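The values are calculated or read from the model by the stated rules, or taken from the named source; none is laboratory data. All of these numbers come straight from a predicted model, not from anything done at the bench. Positions of Cβ are generated from backbone atoms using ideal geometry, with glycine treated the same way; all protein chains shown enter the neighbour counts.
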């Protein structure tokens, strides 16, 4: 099979090398998937650049998010059959309930082999059925970005009242999915972006108010203005330490800030007093379980939600897809089609 491997971690785009590997064979309790599409996450940049804190397998196959068709099943597989359309779950060992202590050691695309290959072998317990109305390319966007947004707003969140206000930062995969889910659940969305064209696209999705944080560096104050002086109920915080303080400024007393990403960097100091005095719930979100994935797909299917795809690249152009993600010019998810 054709596959990409991380040959030289720390080299960025040059870390990915296309190779030919032996075809995979499913073991007991495993399924063999013909990968039809994969999608990229910011985490994939961190791994290729050598910034990821966990060890990788030697010559690890990159990417955690993918979708495909089961073409063979191993012994004792009872839940699936050949021909089923499935996605892999990012956490192969987090099926339900609280996150296991060792969950981070059983994640696709590092430390485990990922999905950027013609074939993948996964546990029968670590996959979910694709919503019928979605293509493989659309389904490949779900495992990390969509589930992170869903977990933030639904599974790990305090219940929000109808028409509660959700603030999303930027227009990457998590933020766009959070916008779609928030709208589907009856919440109001305020968004931020540095690009006026992206703001137009957000408004076409039903976002009434958006702030250009490049034109308004103190965007937290602008959010309060457009929200009639009211603080927001929930923040989808993907920036990390560089934006967290402003998110804390704009959240209401008793509100929730879901800390998801580190796009603005690591290590900046924030003032924790505001968390205490505003009784803020500051929660870290690390994607979600298989059961959460199934719950999310039920809503996606019921509401016929379609993921927003920035661009689909052929398998041979994986480096171009990587460069597109690194440029931060995308809106929604970047996908690599299967070969």
Item to check | Residue count for the range 182-194, restricted to those that are surrounded by fewer than 24 Cβ atoms within 10 Å (Cβ to Cβ) and in a helix (DSSP H, G or I) | outcome: 2
Checklist entry - Of the numbered conditions (1) touching a helix residue (DSSP H, G or I) at 6+ places or on another chain (Cβ under 7 Å); (2) part of a loop (DSSP other than H, G, I, E, B); (3) modelled with pLDDT of 90 or more, residue 286 satisfies every one except a single condition; which is it? => result (1)
Checklist entry - In the range 89-99, is there at least one residue being in contact (Cβ under 8 Å) with a residue 40 or more places away in the chain and under 24 Å from residue 339 (Cα atoms)? => result yes
Checklist outcome for this item: Here, strands (runs of 3 or more DSSP E) confined to the range 3-87 with at least 3 residues that are modelled with pLDDT of 95 or more and within 19 Å of the chain's Cα centre (by Cα) are 30-39, 65-73
Checklist outcome for this item: For residue 304, the lone unmet condition from (1) on the phi > 0 side of the Ramachandran plot; (2) at pLDDT below 95 is (2)
Item to check | The lone exception for residue 67 - which of (1) out of contact with any strand residue (DSSP E or B) (no Cβ under 9 Å at 6 or more places or on another chain); (2) at negative phi it fails | outcome: (1)
